[in-house]
Amino acid sequence: MLRDFVALFFPRCCTGCQGALVRGEELICTNCMLELPRSYYHLERENPFYNKFRGRLPVSQVITLFKFVKGSRVQHLLHALKYKNQPELGVALGRMYGNDLLHAGYARKFDLIISVPLHSSRRRKRGYNQSEEFGKGLSEALGVPCRDDLMERIVSTNTQTRKLRLSRWQNVSNVFRVTRPAEIDNRKILLVDDVVTTGATLEACGQALIDAGCRELSIACIAATQ
């Protein structure tokens, strides 16, 4: 009752469309849930996201929850997750996608979930790692451990936003380090990030895991550009 009273004066808004949420809705309204452009890449191994890494990184599966369109509701969600102090949104999106994967038979495909790490200085500034929050939601749904202590970003790079393709590659060279190779060795790992454009960051991070002995590498993101 108190929650309903507060909502009269401070209505909760959908992070996708900014419309008011109604009873039973959390973070994302029902209309957005229906309208958000899901990729369904987890149902087809050969997909545009997978093809980004063909010949660049030995990956088993490359999947994404949404297709990214500039100015869309997906962009609004990602902006809220990354810049509006809404880590719970990342968990919710991870849980949503994890349930999709569970129903598609992914329950035993992975041994570990690892998120692309932020440098410690950026994590302190933001207060959380948005990719890690997504990984936590996936972990809850799939029952697979999500570890944030097995890899670190040892160089603080400039933001990738608005960088040209070549600059993105140069920006992430040799910036990731596996901290406990023995716990990576011979494991099937799901590497997660928020959004992918060129794939430079994921390739650099994934290669560090491969070099540490990862048996099978898969990638999952919230959204990918076309």
- Message: Could you give the length gained by full extension between E88 and V22, i.e. 0.36 nm per residue of separation minus their alpha carbon distance, to one decimal place?
- Response: 21.9 nm
- In the chain, which helices (entire DSSP H runs) extend 24 Å or more along their own long axis, judged by Cα positions, while averaging at least 1.0 on the Kyte-Doolittle scale? none
- Task: Calculate one ³J(HN,Hα) per residue across the range 109-124 by plugging θ = phi - 60° into the Karplus curve 6.51 cos²θ - 1.76 cosθ + 1.60, and present them in order as whole Hz with x for glycine and proline.
- Result: 7, 10, 9, 9, 10, 10, 8, 4, x, 8, 5, 4, 5, 6, 5, 4
- HN-Hα J in Hz across the range 40-57 - Karplus 6.51, -1.76, 1.60, θ = phi - 60°, x for Gly and Pro: 6, 5, 5, 9, 9, 5, 7, 9, x, 5, 4, 5, 4, 9, 4, x, 10, 8
- Task: Please give the peptides 218-226, 82-90 ranked by average Cβ packing (other Cβ atoms within 10 Å per residue), highest first, as a rough proxy for protection.
- Result: 218-226, 82-90
- Among residues other than R180 whose Cβ falls under 15 Å from its Cβ, what is the net charge (Lys/Arg +1, Asp/Glu -1)? -4
- Looking at the chain, what % of its DSSP beta bridges pair antiparallel, to the nearest 5? 20 percent
- Query: Binning every alpha carbon pair distance of the range 37-225 at 5 Å from zero, what are the percents per bin?
  - Reply: 1, 8, 17, 22, 24, 17, 8, 1, 0
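Just so you know, all these numbers are worked out from the coordinates, no wet-lab data involved. Please read all numbers here as calculations on a predicted model, not as lab measurements. We place every Cβ from the backbone using ideal geometry, glycine too, and count neighbours over all the protein chains shown.
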